[in-house]
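The values are calculated or read from the model by the stated rules, or taken from the named source; none is laboratory data. Computed from a prediction, not measured in an experiment: that's the story for all the values here. Here Cβ is always computed from backbone atoms with ideal geometry, including for glycine, and neighbour counts include all displayed protein chains. Ligands, DNA and RNA are excluded from the accessible area calculation, which covers all protein heavy atoms including side chains. Shrake-Rupley method; radii C 1.70, N 1.55, O 1.52, S 1.80 Å.
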Amino acid sequence: MRPTGGSVASFLTGVTPAKRRRDAEALTALLQEVSGREPELWGTIVGFGSCHYRYPTGTEGDMPLLAFAPRKAASTLYLESTAAHADDLARLGPHSTGVGCLYIKDLEEIDLDVLRGILTASLRWAESGGDEHAVLTVTG
C-alpha cells in the first residue's frame, strides 16, 4: 500500500452520510494532533506517517503509522491490535472491534480522551519498531 497523492480535503467532502463526514473531519484533526504528521490519502484510507513492516513469514509492505477509513456503516480506525487496548476499549463508549480494527458509528458517543490514549499507544508501538509479530521501520 502506498499514498495515492489524492486530496484528503476533496475525499472528505465526498464522505456520506453527513454524520460520517463530520466524524471523518474530527478524526483527521485528532490523528494529525496525535501523530504530528499531515494526512495523506492511501486509496480510501486517510493515513498519517508511514512505515515499512515485515512479518516473520517474510511478508512485507508499507502502511500508515496511524490511519482511519470513513465507511458508510462506521469509521474504521486501524490499530496494531485491539487486544492490546482491552482496558481502554472497555471505557471508550459504543464501538465494535476486529483483530486490528476499531469501528465507531458515532464519534460524539465516544470518550475522546480514551480514544486519544489508544491512538497514542498505537503510534508509540509503531514508532518503537513493533514487536516479534511485526517489525516496523518508520519511513515518514
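Tell me, which residue of the stretch 91-125 that is of a type in the set (S, T, N, Q) and closer than 17 Å to Gly49 by Cα is surrounded by the most Cβ atoms within 10 Å (Cβ to Cβ)?
Quick first cut of the stretch 91-125, residues of a type in the set (S, T, N, Q) only: 96-97, 120, 122.
Then keep just the ones that are closer than 17 Å to Gly49 by Cα; that gives 120, 122.
On the way: Thr120: 14, Ser122: 24.
Going through the qualifying residues, I end up with Ser122.
Any idea which of Ala83, Ala9, Ala73 is open to solvent by 50 Å² or more (accessible area, probe 1.4 Å) and within 16 Å of Gly117 (Cα to Cα)?
Working: Ala9 fails: within 16 Å of Gly117 (Cα to Cα); Ala73 fails: within 16 Å of Gly117 (Cα to Cα).
Answer to the selection: Ala83.
Which of (1) within 20 Å of Thr139 (Cβ to Cβ); (2) modelled with pLDDT of 95 or more; (3) open to solvent by 40 Å² or more (accessible area, probe 1.4 Å); (4) not β-branched (Val, Ile, Thr) is the odd one out, the single condition Pro39 does not satisfy?
(3)
What strands (runs of 3 or more DSSP E) completely inside the stretch 3-117 contain at least 2 residues that are within 13 Å of the chain's Cα centre (by Cα) and at negative phi? Spell out how you get there, then give the answer.
Numbers: elements: 39-42, 45-48, 51-54, 60-63, 66-70, 75-78, 101-104.
Passing ranges, in order: 39-42, 45-48, 66-70, 75-78, 101-104.
Is there any pair linking a residue in the stretch 15-28 that is under 15 Å from Pro39 (Cα atoms) and open to solvent by 10 Å² or more (accessible area, probe 1.4 Å) to one that is of a type outside the set (Gly, Ala, Ser) and outside any helix (DSSP H, G or I), with Cβ under 7 Å and at least six apart or on different chains, and which?
Between residues of the stretch 15-28 that are under 15 Å from Pro39 (Cα atoms) and open to solvent by 10 Å² or more (accessible area, probe 1.4 Å) and residues that are of a type outside the set (Gly, Ala, Ser) and outside any helix (DSSP H, G or I), the close pairs are Thr28/Pro39; Thr28/Val46.
Could you tell me which of the residues Asp88, Asp62 is surrounded by 13 or more Cβ atoms within 10 Å (Cβ to Cβ), touching a His at 6+ places or on another chain (Cβ under 6 Å) and more than 17 Å from Thr28 (Cβ to Cβ)? Break it down stepwise before answering.
Details: Asp88 fails: touching a His at 6+ places or on another chain (Cβ under 6 Å).
Answer to the check: Asp62.
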